[in-house]
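Novice: This is the structure, below, for whatever I ask next.
The values are calculated or read from the model by the stated rules, or taken from the named source; none is laboratory data. Quick caveat: nothing in here was measured; it's all calculated off a predicted structure. We work out accessible area using only protein heavy atoms, side chains counted, and drop any ligands, DNA or RNA first. Shrake-Rupley method; radii C 1.70, N 1.55, O 1.52, S 1.80 Å.
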Amino acid sequence: MKLIDGKKTAAKIREEIKAEVAQIIDNNDSAPHLAAILVGDDPASDTYVSHKEKDCKSVGIISSVYRLGKHTTEKELLDTIDFINNDEEIHGLIVQLPLPDHIDMNRVISYIDPVKDVDGFHPLNIGKMTIGQSTYLPATPYGIMELLKRYEIDTSGKHCVILGRSNIVGTPMSILLSRKSDPGNATVTMCHSQTKNLKEITRSADIIIAAIGQPEFVTKDMVKKDAVIIDVGIHRIPSDKTKSGFRLIGDVKFDEVAKNASAITPVPGGVGPMTRVALLLNTLKAFKRTRGL
Ligand code: NDP
């Protein structure tokens, strides 16, 4: 069994980005710049945005965070987006989700300038991804595609079962893997809460991508021998064995599934770090587009 090490791979990609950013600055250009908008005081969102700031800093990308109060109106948020859309010094813009209930998320996403939409959530960018045009890929699927590529996991002609159909993971993953590309060219089955005979389907999979948000849902009896397992799930569970009092587990029961798999991502240290680095890749891409590169 091969462990697909997302932490190590992400560290390598960060080094590559850092070198490229250093080269840009050496050429007397300004560094790429990512802006994040955070609305409200959700602690998890606050943590995610802090991680993004730290990640940018680690590779020399400039980051700015616009913190707006939880009573910010939709109009005020759209005005802030408008301001950033028009700032030529800012190359990438993300709005941290979820947004407070009184704000229409879809309207907000559609308001971001597609050329700065480094989350890849704008309908225009989703459309481009779907028809195979160059664009920003949503971070988690992008990170998974990089892992498959760098670990030389052959997806062509393989049966790939994706558990989950969310707009940020399952759906884009199914599109990317079924595209005529490498990685890609897979025969994809996307499963969701209404899927019948789930176990029968997963047992026929050469590759399983688990993104259903159910702790340790995928067990050994659901996996055929030598399948490749990509575990997207992240769940915090109490633990008396760690200093923090909790530990992280995925959507896959790692210990037993790993015995049957030919390759598998761990949690933590698998898809999570790759999701983080994918945002940096998209920000660098956004910068390069403004320079015609
Ligand atoms: P969502 O909750 O948006 O989607 C879950 C999907 O799983 C839905 O399509 C749902 O079906 C399906 N589902 C739920 N229960 C079952 C079941 N019993 N059988 C079959 N299908 C089921 O999740 P996300 O895609 O946002 O996230 C999935 C997991 O990945 C979460 O644990 C999340 O924390 C984690 N995550 C990790 C990231 C990382 O960087 N590692 C990034 C993003 C997410 P239906 O559509 O019918 O409701």
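Novice: I'd like the accessible area for L281, computed on protein heavy atoms only with a 1.4 Å probe and all protein chains in place. Round to 10 Å², please.
Specialist: 40
Novice: Same structure again: Restricting to Cα pairs below 8 Å that are 6+ residues apart, what does the relative contact order work out to for the chain? Please round to a whole percent.
Specialist: On the way: 569 pairs, mean separation 60.3, N = 293.
RCO, the chain: 21 percent.
Novice: GNM, the chain, Cα, under 10 Å: largest mean-square fluctuation among D231, D117, D182?
Specialist: D182
Novice: Could you sort V267, V115, V95 by their accessible area in this structure, using a 1.4 Å probe and putting the largest first?
Specialist: On the way: V267 35, V115 70, V95 10 Å².
Result, largest first: V115, V267, V95.
Novice: May I ask you to compute the full-extension gain from K180 to E16, defined as 0.36 nm times their residue separation minus their alpha-carbon distance, rounded to one decimal in nm?
Specialist: Extra length from K180 to E16 when fully extended: 56.4 nm.
Novice: Going from most exposed to least, what order do T130, T140 have by accessible area with a 1.4 Å probe?
Specialist: My answer, sorted largest first, is T130, T140.
Novice: Structure shown: which of K128/K285; K225/K253; K75/K128; K149/K259; K52/K149 lie over 20 Å apart, alpha-carbon to alpha-carbon?
Specialist: Where the Cα-Cα span goes over 20 Å, the pairs concerned are K75/K128; K149/K259; K52/K149.
Novice: Per residue, how much accessible area does the stretch 28-114 have with a 1.4 Å probe, in Å²?
Specialist: Here the residues of the stretch 28-114 average 52 Å² of exposed surface.
Novice: Counting only the heavy atoms of the protein chains, how much of E200 is accessible to a 1.4 Å probe, in Å² to the nearest 10?
Specialist: The accessible area comes out at roughly 130 Å².
Novice: I want to verify a result. In a Gaussian network model of the chain, Cα cutoff 10 Å, which of these has the top mean-square fluctuation: G164, G127, G69?
Specialist: Judging by the Gaussian network model, the answer is G69.
Novice: What figure in square angstrom, to the nearest 10, would you give for the accessible area of Y111 with a 1.4 Å probe?
Specialist: Probe radius 1.4 Å; accessible area of Y111 about 90 Å².
Novice: Just the accessible area per residue of the stretch 180-293, please: how many Å² with a 1.4 Å probe?
Specialist: I get 51 Å² per residue for this part.
Novice: So, with a 1.4 angstrom probe, what is the percent of accessible area on the chain that is carbon and sulfur?
Specialist: Carbon and sulfur together cover 52 percent of it.
Novice: Also, I was wondering about something else. In degrees, nearest 10, range 0 to 90: what is the angle between the Cα axis of helix 43-59 and the longest Cα principal axis of the chain?
Specialist: Approximately 80 degrees, to the nearest ten.
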